[in-house]
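Taking it in order: structure first as structure tokens, then the write-up.
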Amino acid sequence: MTLTVSVVLVLGVLVAVALKFRAIGVGAFILVALFGFSLSETDAAPTITQFIGALSDAIADIGN
């Protein structure tokens with residue numbers, strides 16, 4: 001059985017849990033979110049996207 005979950009959804013849940021248990025503060029969350037939006041507009045965005053794709057493929061291949 002194949003399960004497909006968006007990376008954005010997973011990261012959003014992790015951030016929500018971290019905020020709920022006060023592992024990070026709201027200020028740190030805002031700072032990281034702004035950094036992520038800024039980073040997505042740079043030349044590093046395609047490289048990061050390729051890395052996340054390769055990592056998800058590697059994780060998917062573990063079960064096979």
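What are the pairs with Cβ atoms under 8 angstrom where one residue, in region 38-53, is closer than 13 Å to Val7 by Cβ and the other, located anywhere, is assigned to a helix (DSSP H, G or I)? Sequence gap at least six, or different chains.
Listed pairs, sorted by first residue: Ile48/Leu39; Ile52/Val7.
For region 15-27, does any single residue satisfy the condition of being surrounded by 10 or more Cβ atoms within 10 Å (Cβ to Cβ) and among the aromatic types (Phe, Trp, Tyr)?
The answer is no; no qualifying residue exists.
Quickly run through region 36-61 and pick out the residues that are among the aromatic types (Phe, Trp, Tyr) and modelled with pLDDT of 90 or more.
Phe51
The values are calculated or read from the model by the stated rules, or taken from the named source; none is laboratory data. On a predicted model such as this, the values are computed, not experimentally measured, just so you know. Positions of Cβ are generated from backbone atoms using ideal geometry, with glycine treated the same way; all protein chains shown enter the neighbour counts.
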